[in-house]
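Structure record follows, encoded as C-alpha cells.
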Amino acid sequence: LYPYDPRFPVHTAWDIGHDDLTAIWFVQVNGPAVRLIDYYEERNEGVTHYVRVLKEAKPYQYGRHYGPHDLEVAEWGSNKTRLDIARGLGLRFTVVPKLSIADGIDAVRRLFPRLYIDRMACKPGLMHLRHYRRLWDAKRRQYAEQPFHDVHSNAADALRYLAVGMREQRP
C-alpha cells in the first residue's frame, strides 16, 4: 500500500468525459518515485461535482491538476471554457500539451519504472488499464493503429495526461 503522505502535495490527472467516464488519478511525487495513491471516476456529472469530491470527500492538500487540451473548449450557451468554469470554482488546471496518442503512450511507458501503485485505492483504475487495448483487424492481420475507445480508455488517457504533464514540468 502507498497511502497518502501529508508531507507531499497530491497532484491529479484528469480525462474529462461527457457521455463516458471522467477519470481522475491522484498522485504524489517523492524524489523519483511517482505514487498513484487514489483513483476516482464518475459519469454524467459537471465540474461542480468533481470540485466537491476533491474538496469534501478527499483529505488531500493539492498541487497541480493536469487536464487535457479540450478543457479550453467553450461550452454551448455560456461561451465559457471548461477551464474558466473550473477556475471559477477554485480549481486551476495545468493544460497538458496535445501530443499524438503514440507519444503519450510512450511517456507512460517511460513513467512506469518510477510508478508505485496503491492497488486497493486504485483498483477500478487498474482494472481499466488492464483492459485498455487495440483491436485486432483480422482482414489486415494486424492491430489497429489507435487504441480502442471504450469505458477503459478514460483511465488510460488520464494516466497519459499525467505522464505528459509531468514530463513537461521537469526543470
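The values are calculated or read from the model by the stated rules, or taken from the named source; none is laboratory data. Only a predicted model underlies this, so the values are computations on that prediction, with no experimental measurement involved. Neighbour counts are summed over all protein chains in view; Cβ atoms, including those assigned to glycine, are modelled from backbone coordinates with ideal geometry. SASA here: full protein model, heavy atoms, side chains in, ligands and nucleic acids out. Shrake-Rupley method; radii C 1.70, N 1.55, O 1.52, S 1.80 Å.
Each residue in the range 106-157 was checked for being of a type in the set (A, V, I, L, M) and over 21 Å from residue 69 (Cβ atoms), and 11 pass.
Within the range 50-98, restricting attention to residues that are in contact with a Leu (Cβ under 7 Å, 6 or more places away or on another chain) and among the β-branched types (Val, Ile, Thr), the residue that is modelled with the lowest pLDDT is 81.
Taking the range 104-121 as the range and being of a type outside the set (A, V, I, L, M, F, W, C) and open to solvent by less than 80 Å² (accessible area, probe 1.4 Å) as the test, the residues that pass are 104, 106, 114, 118.
When the residues of the range 34-49 are filtered to those that are touching a Leu at 6+ places or on another chain (Cβ under 7 Å) and over 17 Å from residue 155 (Cβ atoms), the one that is modelled with the highest pLDDT is 48. Inspection of the range 56-79 identifies at least one residue that is under 23 Å from residue 97 (Cβ atoms), assigned to a strand (DSSP E or B), more than 16 Å from the chain's Cα centre (by Cα) and not polar (S, T, N, Q). Each residue in the range 63-91 was checked for being open to solvent by 60 Å² or more (accessible area, probe 1.4 Å) and under 17 Å from residue 23 (Cα atoms), and 2 pass. Summed over the range 111-148, the residues that are in contact (Cβ under 8 Å) with a residue 24 or more places away in the chain and over 18 Å from residue 38 (Cβ atoms) give a count of 3. Residues in the range 103-132 that are touching a strand residue (DSSP E or B) at 6+ places or on another chain (Cβ under 9 Å), among the hydrophobic types (A, V, I, L, M, F, W, C) and part of a loop (DSSP other than H, G, I, E, B): 121, 122.
Residues that are at pLDDT 90 or above and surrounded by fewer than 21 Cβ atoms within 10 Å (Cβ to Cβ) within the range 12-33 comprise 29, 30, 31, 32, 33, listed in sequence order. Every listed requirement among (1) more than 20 Å from residue 30 (Cα to Cα); (2) assigned to a loop (DSSP other than H, G, I, E, B) is met by residue 86 save one, (2).
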